[in-house]
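These notes are about the structure you will find just below.
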Amino acid sequence: MPEAPAATETPSRPEVPASGRRARKVARAEARKTSAWLPRWFWPSFTFPGLLWLLVMFILPFYAVVSVAFGSIDRFRNPLPVWQPWYWTTKYTGEVFQKFFGENAYLQPTFIRTLIYVGIASSILLVAGYAVAYYVARHAGKRKTLILVLLISPFWISYLMRMLAWVNLLESDGYVNRTLQLLHVTDQPIAWLQGKPITVILGLVYGYMPYMILPLFGFLDRIQPSLLEAGRDLGGSPTSTFVRVTLPLSKPAILAGLVIVSLPMFGDYYTQNLLSASPKTNMYGNLIDEAVGASGQGPQGAVLVLILMVMLLVPMMYYLRSTLRAQEGR
């Protein structure tokens, strides 16, 4: 008998990986079979109360500031907010910009001085804070917990009380001047509290140092030692390994620390008030404080707040963009 022809095998089609919406449907179907299935909105819904609270507590005060900035003043020279946008006026906005960039720009030196103070203080914070954080993360050993407790301990004391302690130390008969005279560094007491920029800058450094150290330590402590060992195995010295491996990996922490310390420093006014109280060392925050407390200057104070917010959006957006790019690169 003639043999039956062999059945021809149909070539199997290569499986095309699902993508997009189909892939998500397949993943949800598999999740239903293998475990308890939850809708996509279940876990994100836990953030809704906090987000709602933050939005409400941000939008309402922000709109109040805008209404005062584009509003007016009453007969008693108190700020009169205008809640209807169609009644807003740019009178006070123009006046403030004239004080910054006009012919009689007497507020411009304060703005430039704030940039200089914040830049110098942030640089000192970054160098000193990075050194401390690196030591605690890599070389502290059994003393790591003790050092962390000491770093966190300033948060247990009010910022105002810490600045008042510095006032007592820097007075004419304080311990700083006594020590300098004892070591024959100076023959007479130095007037640290009478309009010296170095006093304000070091006060900012002292007040914001923990906010720089803790983010840096948290990131440096999570860098895998195997990455550092790989750099040394490839012939890199400790210095080159630090420059080429540790420093680039810690860039997000550096940006986070700079944002955390620099943004509040732009609005800081009580450090200058306590350690100097001189117009020669006024900062941007002092302009807002003086405008809010002066009669008839409420709208101008609100305009100064809006200018500060717009100015601080630039480093904040750069930080968010850098963080997003770092996450996408992983």
Per residue of the chain, what 222 nm ellipticity follows from adding -39500 (n - 2.57) for every DSSP H run with n ≥ 4, rounded to the nearest 500?
-20500 deg cm²/dmol
When only Cα pairs under 8 Å and 6 or more residues apart are kept, what is the percent relative contact order across region 107-293?
34 percent
If neighbour count is taken as other Cβ atoms inside 10 Å, put SER67, SER322, SER158 in order from fewest to most.
SER158, SER322, SER67
In angstroms, what radius of gyration and Dmax does the chain have, counting Cα atoms only?
29.4, 126
For region 127-241, the Debye formula with one identical point scatterer on each Cα and no solvent gives log10 I(q)/I(0) at q = 0.09, 0.16, 0.22 Å⁻¹ as -0.40, -0.88, -1.19
Between TRP156, TRP43, TRP83, where does the largest GNM mean-square fluctuation fall for the chain, given springs only between Cα atoms within less than 10 Å?
TRP43
What does the net charge come to around TYR270 if you take all other residues with beta carbon closer than 15 Å to its beta carbon, with K and R at +1 and D and E at -1?
-2
Spatial separation of Cα centroids for region 103-163 and region 50-92, in angstrom:
34 Å
Between LEU126, LEU38, LEU249, where does the largest GNM mean-square fluctuation fall for the chain, given springs only between Cα atoms within less than 10 Å?
LEU38
Only Lys, Arg, Asp and Glu count, each charged at its Cβ (+1, +1, -1, -1), so figure out the dipole size of the chain about its Cα centre, rounded to 20 debye.
900 debye
GNM top mover of LEU202, LEU183, LEU151 - the chain, alpha-carbon springs below 10 Å:
LEU183
FRET efficiency for LYS144 and ARG22, using Cβ-Cβ distance with R0 set to 35 Å, rounded to 0.05
0.10
Among the lysines, select those whose C-alpha is under 27 Å from the C-alpha of LYS25, and discard any that sit fewer than 8 residues away in the same chain.
LYS33
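Each value in this text was obtained by applying a stated rule to the coordinates, not by laboratory testing. Model, not experiment: these values are computed from the prediction. Every residue, glycine among them, receives a Cβ derived from its backbone with ideal geometry; neighbour counts consider all protein chains shown.
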